[in-house]
1. More than 15 Å apart: what percent of Cα pairs in region 221-273 qualify?
2. Would region 14-154 count as rounded, prolate or oblate if I go by the C-alpha gyration tensor, calling it rounded below 1.5 in a/c and otherwise prolate when a/b exceeds b/c, oblate otherwise?
3. Could you give the Stokes-Einstein D for the chain in µm² per second, using the C-alpha Kirkwood radius, 4 °C, 1.567 mPa s?
4. With everything on Cα atoms, drop me the angle between helix 161-171 and the longest principal axis of the chain, reported from 0 to 90° to the nearest 10.
5. Please order ILE24, ILE46 by the number of other Cβ within 10 Å, starting at the fewest.
6. Based on alpha-carbon centroids, what's the gap between region 302-334 and region 126-199 in Å, whole number please?
7. Using the number of other C-beta atoms within 10 angstrom as an exposure proxy, rank SER188, SER118, SER231 with the fewest first.
8. Cα to Cα, under 16 Å, and not fewer than 8 places away if on the same chain: which lysines meet these conditions relative to LYS170?
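We did not get these values from a lab; they are worked out from the coordinates using the rules stated. None of these values were measured; they are calculated from a predicted model. No Cβ is skipped: glycine too gets one built from the backbone with ideal geometry, and neighbour counts run over all protein chains shown.
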Amino acid sequence: MLILGLETSCDETAAAIVDAERRIRADVVLSQTTLHLPYGGVVPEIAARAHLEHLDQLITQALGEAKLGFGDLDAVAATGGPGLIGGVIVGVTMGKAIALARGIPFLGINHLEGHALSARLSHDLPFPYLLLLVSGGHCQLLIVEGVARYVRLGTTIDDAAGEAFDKTAKLLGLGYPGGPAIERAAKSGDASRFPLPRPLTGRPGCDFSFAGLKTAVRQTVENLSSRAELSLRDIADLAASFQAAVAESLVDRTANAIAMFRDRQPGGRHLVVAGGVAANTLLRQKLESLAAAQGLTLIAPPLRLCTDNAAMIAWAGIERFRLNLTDGLDFSPRPRWPLDPAAAGRGGRAKA
Ligand code: KG4
Ligand code: ZN
């Protein structure tokens, strides 16, 4: 079985072909980072136009890499939301057009489901597992009970973790995307110099909050720069202090989620971390220790599968296709699409 996956919900245009034996036959990603760089963040109109300009070439490239033609595909899966709607429309329309022209099924995939199932593409991982999903747009703790069966334990009440890295990097003049820049600057920094808050730490539940932390960084920058220009040492120490605060806060919330996971799924053995922020070495180390202390195994898909990509969309397509969960050509792109609709009303921001 071969499925073509398309991803266009944010600032990566991507096409991939995956088979049911978990082999990635082709995986191409075109990042728009340089297009959005001058604006310090993703501009939706620019993103949608760039997806439209490049998606057909990327599909041709993916088919070429896999040495396959359209006639070899069993289905096409496209991210159907949540995300920047202009881009989602581009991918969904392209996916439906291919499905209609070739007479094969179409699947509209929830981008979060793509992230949630990506560890089953890279690893031989059984359900259920606990997932920490940390990216630029999402910050959630979910129990993945099965395909299409997700229980959201917590989400952010303000910014996503990656968003906090990006905004803080901007404050420190480190550029975009902020996560890698902060991690680099933090390497030579002293994480104990600035006592920044650990939002929600020690409180019950699994929700996240990063807005207060960002404000604390801003106030520290203002205090320091009222005396003299920020030195490289100040920037490195602030980056290290911020990174430690985010990692500790994420780990504290994940520890609470593990207790809830144990109650619901006593047989569960795995903690999975996915999303762009999963690239952060300090966070990985802290999660590794937490998992070991709790008798769980930490699984982190390779970086290429953690950041936005189309292989995870194709794989979610395979998982759904096997259960006959295909969609009609009347599928509507969705700017918002919670994975666990029952949780959407319970606290947090309805961002995803
Ligand atoms: O999953 P992703 O590629 O896109 C979204 O769906 O948002 O995640 C991108 C986010 C950005 O906010 C970026 O700053 C963050 O992941 N990120 C990191 C690191 N690498 C990327 N954050 C912390 N440390 C990193 N090394
Ligand atoms: Zn994503």
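1. 63 percent
2. Because a/c hits 1.5 or more and a/b fails to exceed b/c, region 14-154 counts as oblate.
3. Here the translational diffusion coefficient equals 63 µm²/s.
4. 50 degrees
5. Exposure proxy ranking, most exposed first: ILE46, ILE24.
6. The two parts, judged by their Cα centres, are 23 Å apart.
7. Starting with the residue having the fewest Cβ neighbours, the order is SER231, SER188, SER118.
8. LYS214
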